[in-house]
1. Among 121, 97, rank each residue by its count of other Cβ atoms within 10 Å, from fewest to most, as a rough exposure measure.
2. For the chain, what is the mean residue ellipticity at 222 nm derived from helices alone (per DSSP H run of n ≥ 4: -39500 (n - 2.57); sum divided by total residues; nearest 500 deg cm²/dmol)?
3. For residue 3 and residue 84, what is the calculated FRET efficiency with R₀ set at 45 Å and r taken between the beta-carbons, to the nearest 0.05?
4. Mind ranking 125-136, 23-34, 85-96 by how tightly packed they are, going by the mean number of other C-beta atoms within 10 angstrom, highest first?
5. In degrees from 0 to 90, rounded to the nearest 10, what is the angle of the helix 2-21 Cα long axis to the longest principal axis of the chain?
6. Averaging sequence separations of C-alpha pairs under 8 Å and six or more residues apart, then dividing by the length of the chain, give the relative contact order as a whole percent.
7. Can you grab the distance from the C-alpha centre of segment 42-107 to the C-alpha centre of segment 160-193, Å, no decimals?
8. For each of 17, 123, 146, 106, count neighbouring Cβ atoms within 10 Å of the residue's Cβ, then give the residues from fewest to most.
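No value in this document is a laboratory result; all are computed from the given coordinates. Everything numeric here is computed off the predicted structure, so don't read it as measured data. Backbone-built Cβ (ideal geometry, glycine too); neighbour counts: all protein chains shown.
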């Protein structure tokens, strides 16, 4: 009887070990090797370097709070922009908490000088809470504040934002976006951050 059970279990155990080796070791190693060979920057996290120092990732938002910088979307990731705690608020469209949060963000945008309709991505969080990009409308709405804080013409900031706007793939897939970290790094290059 025990011998029969052993013969019945042995093929299942061999199959389990073989599948674990294939799906848990061989396949991930193959995909990692292909990614490292064909697109190493993306495979290593799209890190943004300043010399030998990592200053961020093009894929994860950072908090830029000063008036001289583009501000990213609001974050629901932990206490804000915590990559290990990403996630959305999951508030329903009719939620009072969502309404209150949006109203507070609109008031902040108004206090920072944004006129006219406030773009939705400036007052709502993304699904991950770590979206590194803004819509061109959100970036351009902040251009006057950034230009004033840096003491440069608004046209300079606007031109930079327009140059950094990524167009949809093939002209139809996705929406135009502006990477906040990329623009803010270039802003420091053309007009150093004011000393406080």
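1. Numbers: 121 20, 97 10.
Ascending Cβ contact count within 10 Å gives the list 97, 121.
2. Values: 8 runs with 93 residues, N = 196.
Mean residue ellipticity, 222 nm, calculated: -14500 deg cm²/dmol.
3. On the way: r = 50 Å, r/R0 = 1.12.
Efficiency computed from Cβ-Cβ geometry: 0.35.
4. So the order, starting with the most tightly packed, is 125-136, 85-96, 23-34.
5. Its long axis makes an angle of about 30 degrees.
6. Worked out over the chain, it gives 20 percent.
7. Result: 16 Å between the Cα centres.
8. With the fewest neighbours first, 17, 123, 146, 106 line up as 17, 106, 123, 146.
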